[in-house]
1. Could you tell me the ratio Rg/Rh of the chain? Both radii from Cα atoms, Rh via Kirkwood.
2. Give a quick list of chymotrypsin sites (Phe, Trp or Tyr not before Pro) in the range 40-97 that DSSP marks as loop, anything other than H, G, I, E or B, with at most 15 other Cβ atoms within 10 Å.
3. How many nm separate the modelled label positions at T5 and F45, each set 7 Å beyond the Cα in the direction of the Cβ?
4. Grab the DSSP H runs of the chain that are 4 residues or longer, score each as -39,500 (n - 2.57), total them, divide by all residues and round the 222 nm result to the nearest 500 deg cm²/dmol.
5. Would you mind checking the tilt of helix 73-95 against the longest principal axis of the Cα atoms of the chain, expressed as 0 to 90 degrees and rounded to 10?
6. Taking amide H positions as placed in the peptide plane 1.01 Å from N, state which residues far from V143 in sequence (5 or more) or on other chains have amide H under 5 Å from it.
7. If the cut-off is a Cα-Cα distance under 17 Å, which aspartates and glutamates reach K56, setting aside same-chain residues fewer than 8 apart in sequence?
8. In degrees from 0 to 90, rounded to the nearest 10, what is the angle of the helix 30-44 Cα long axis to the longest principal axis of the chain?
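No lab work stands behind these numbers, since they all come straight from the coordinates. Values in this document were obtained by computation on a predicted structure and should not be read as measured data. No Cβ is skipped: glycine too gets one built from the backbone with ideal geometry, and neighbour counts run over all protein chains shown.
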Amino acid sequence: MKALTKIRMVSEEQVAIGRKVGLDLSNRTVRVAAAMIEDFIGQNFWGNELDKPTEKQVELAARFGYDISGETRRVGFAIIEDIMEQLNYESIEEQNLMPGNVVRHKRGSLQSEYVISSVGEDGTILLKGSKRKQAWARNIIKVSRYST
């Protein structure tokens, strides 16, 4: 199972809030706990039926050791988002990504090189040259430390 060491976990205060409505949020990430609360409201306040994760979601989570087949679609999606965020943080740390690094995308037919403009707190890498050029840290490879 992919360890989520860089993902924020719920606080005792947040666990206490969950208990008030009968939810056990202990040892959950903040994102998963919020999804559980949204599901609770959807089902108990609005009377909505809760969907199961898609087959693609189940397969993706399973690649990282998570079985989300028994979760709701919203909780399953939150787990996948946590996994992807963890991968971003790990990539930033392992590659020591920072502004000025020259990088390229891991996949795709075009292997153009770009210079990092900034590294977002959420793992988004902004690239010089356009306000719209960005990539998730997990999807790029550092080519060199500084641009020329």
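1. Values: Rg = 18.5 Å, Rh = 17.2 Å.
Rounded to two decimals, Rg/Rh equals 1.07.
2. Working: sites: F40, F45, W46, F64, Y66, F77, Y89; in loops: F45, W46, F64, Y66.
Filter output for the range 40-97: F45, W46.
3. 3.7 nm
4. Values: 4 runs with 56 residues, N = 148.
After summing the helix terms and dividing by residue count, I get -12000 deg cm²/dmol.
5. Orientation of helix 73-95: about 30 degrees from the principal axis.
6. V102, V103, R104
7. The qualifying aspartates and glutamates are D67, E71, E81, D82.
8. Tilt relative to the chain: about 40 degrees.
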